[in-house]
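Below: one structure, written as C-alpha cells.
A short reminder: the numbers here are calculations on the coordinates, not readings from a lab. This is a predicted model, so every value here is computed, not measured. Cβ sites come from the backbone with ideal geometry, for glycine too, and all protein chains shown count toward neighbours.
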Amino acid sequence: AQSVTQLGSHVSVSEGALVLLRCNYSSSVPPYLFWYVQYPNQGLQLLLKYTTGATLVKGINGFEAEFKKSETSFHLTKPSAHMSDAAEYFCAVTEPGYSSASKIIFGSGTRLSIRP
Amino acid sequence: EAGVAQSPRYKIIEKRQSVAFWCNPISGHATLYWYQQILGQGPKLLIQFQNNGVVDDSQLPKDRFSAERLKGVDSTLKIQPAKLEDSAVYLCASSRDRGGETQYFGPGTRLLVL
C-alpha cells in the first residue's frame, strides 16, 4: 500500500532564504511522485512530477525536487523564497499502470509561510 | 484550454439537508475524480470515473454520498442527508487517462454544514 509522509505541517522561512519541504513515501513498486501547491480558496496546481529518468526534477516557479530511492524521499526545494510562495504544499504518490492502485495518495500538506 | 469547472463555489446547508455539486472536466479527459479535503488535511479520493464507469469508490460513504458521470463528461456528486462532518472542500479533478497521469484540479466547492 502506498503512503506519503510530509514532515512539518508548517514551515516558515525568510524571504530570500532556502525553502526545503520534506516528503517521504512508501510504495511496493517504483512510484510516480508529485508536488502540488494550493493557494487560498483555490484548487491544487501541479508544481512538478517524477515518473522515470532523471531524478532531479525541475518545476514551475523555480522549485525542484530530487527522487532518492535509497531514502524513499522526494523533498521539494527552492533556493530563494519569495513572498508569493506562501501557500499549502502537498506531496503525492501513485503507482503507475492501469490497476486499482493507480490512484494518487496525498500527504497531509505543509503550510509555507514567508517572513519579510 | 479551459480548466476544470465546478459549481457552486460555496454552499451552506443545515444537517440532514441534501446538496449537489457539479463538475465539468477538461475536454477530452477520460478520467474524473472527486476528492474531499477536510480543513488541515490532504485531499482524500472519494470516487474515480473512467469515462462513465466507476473505477474506484472504495472511500465513498455510499449510505449518503452518490455520484454519476453523465455521458462520460460532466459529473455530479450528491450528499443526502448531510452531516456536520461533511463540512469540507470538494475538489473535482480530471486527467487524460489513469495510470499515473497528471491530474488537473478545479477550484473546489466549500461546503459548510450547520
Pick from B:Leu45, B:Leu111, B:Leu91: which is closer than 20 Å to A:Asn41 by Cα, at the interface with chain A (Cβ under 8 Å from one of its Cβ atoms) and touching an Asp or Glu at 6+ places or on another chain (Cβ under 8 Å)?
B:Leu45
Enumerated strands (runs of 3 or more DSSP E) restricted to segment A:7-113, each holding at least 3 residues that are in contact (Cβ under 8 Å) with a residue 40 or more places away in the chain and more than 14 Å from the chain's Cα centre (by Cα):
A:10-14
Among the numbered criteria (1) over 24 Å from A:Ser3 (Cα atoms); (2) within 14 Å of chain A (Cβ to nearest Cβ), which one does B:Lys83 miss?
(2)
Is it the case that B:Gly40 is in a loop (DSSP other than H, G, I, E, B), within 14 Å of another protein chain (Cβ to nearest Cβ) and surrounded by 14 or more Cβ atoms within 10 Å (Cβ to Cβ)?
no
When segment B:57-80 is examined, which residues are found to be of a type in the set (Asp, Glu) and within 14 Å of chain A (Cβ to nearest Cβ)?
B:Asp57
Which residue is surrounded by the most Cβ atoms within 10 Å (Cβ to Cβ), if the candidates are limited to segment A:27-74 and must be of a type in the set (Ser, Thr, Tyr) and within 13 Å of chain B (Cβ to nearest Cβ)?
A:Tyr36
Output for Cβ contacts, cut-off 8 Å, separation at least six or different chains, first residue touching a residue at least 12 places away in the same chain (Cβ under 8 Å) in segment B:44-71, second basic (Lys, Arg) and outside any loop (DSSP other than H, G, I, E, B), reads B:Phe49/B:Arg69; B:Asn51/B:Arg69; B:Asn52/B:Arg69; B:Asn52/B:Lys71; B:Gln59/B:Lys44; B:Phe65/B:Lys78; B:Ser66/B:Lys78; B:Ala67/B:Lys78
